[in-house]
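Here's the structure, in structure tokens; my notes come after.
Laboratory data are not the source of any read-out in this text; all were calculated from the coordinates shown. Owing to the predicted nature of the structure, the values given are computational and were not obtained by experimental measurement. All Cβ positions, glycine included, derive from the backbone under ideal geometry; neighbour counts span all protein chains shown.
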Amino acid sequence: MKKHKSLRVMLLNFHRSRRRHDTDAYYACDKVINMADKMLVTQALDEKDLLVKKIKDKISKATFVDTIKPNEEKVLEARVLREEFTKNAESAYQQIIDLIDRFQKIDAAIVASNAITRINTSYGEFTVAGAISLRSRLRGAGAYDGDADFESALQNKMAHELSKRLDVVEMKNRQLQNTAESMRLSILGKDTKVKDEKPLEVVEAYVRENTTELVDPLNVQKKIADLQEKRDTLLTELDTQIKVSNATTFVEIE
């Protein structure tokens, strides 16, 4: 009797142990599944790129509509039974929809993460979303193409005006010197040497009063250089910080 009781105890303990093992295995499996839905932003971006190619490929290769005659068993183009064609069409459609849904979830997770994750540059702090938008704008990309690259437009405007005004200064002063030389020759004569220099002072006064000068209150050359330096530095830092953030930030795909 004791022997049978002992056997029952052993069996009971075995089943308890088995249930405990199954429960642990279940939670371990669930943890693995949850971990599979958590990934770095870089991994999420890679999967998005892969999904784009995969979705396009599946759409291209899928067949959803065919033709058939009442006296034939197989559809005309696919050359398979009607039932098989129906099954294949439904399966292909569902696979594409599932992949699109996966793409959308990953994209939404990245967008949500970028809206709250912050990075630092020497020109201030930005969310990743703001940093990406700024980088695109400075590169002439995005919704407005190059129209929103205001810094480049400002640099080009100042550089164009500076060049144009310098040309005007050079031309006007060259004309002035030619006029002044004609005045000197008129006063002195081509071969005449006059000891009295007073008549020439009139010419010099005329030159001083009519010399064209550049009006440059901003020192635009320095402004252009400063804008270019800021642009180059900011783009470099944005690229680096976005890459670092993407390589260290996790997103969860629901």
Could you work out the local net charge near residue 123, counting Lys and Arg as +1, Asp and Glu as -1, over the other residues with Cβ closer than 15 Å to its Cβ? -2
Extension gain residue 214-residue 145, at 0.36 nm per residue separation less the Cα-Cα distance, in nm? 21.4 nm
Filter on 164/222; 157/223; 58/243 - keep pairs with C-alpha separation over 22 Å: 58/243
Find, among the GluC sites (Glu not before Pro) in region 64-120, those assigned to loop by DSSP (not H, G, I, E, B) with at most 14 other beta-carbon atoms within 10 angstrom. 72, 73, 77
The aspartates and glutamates whose Cα lies under 17 Å from the Cα of residue 230, excluding any fewer than 8 residues away in the same chain, are 125, 149, 151, 239
Tensor-based shape of region 153-242 (alpha-carbon gyration tensor, a/c under 1.5 rounded, otherwise prolate or oblate): prolate
Points 7 angstrom from Cα along the Cβ direction at residue 178 and residue 45: gap in nanometres? 6.0 nm
What is the local net charge at residue 80, summed over the other residues whose Cβ is closer than 12 Å to its Cβ (Lys, Arg +1; Asp, Glu -1)? -2
Determine the sum of side-chain charges near residue 233: Lys and Arg each +1, Asp and Glu each -1, restricted to other residues whose C-beta is under 13 angstrom from that of residue 233. -3
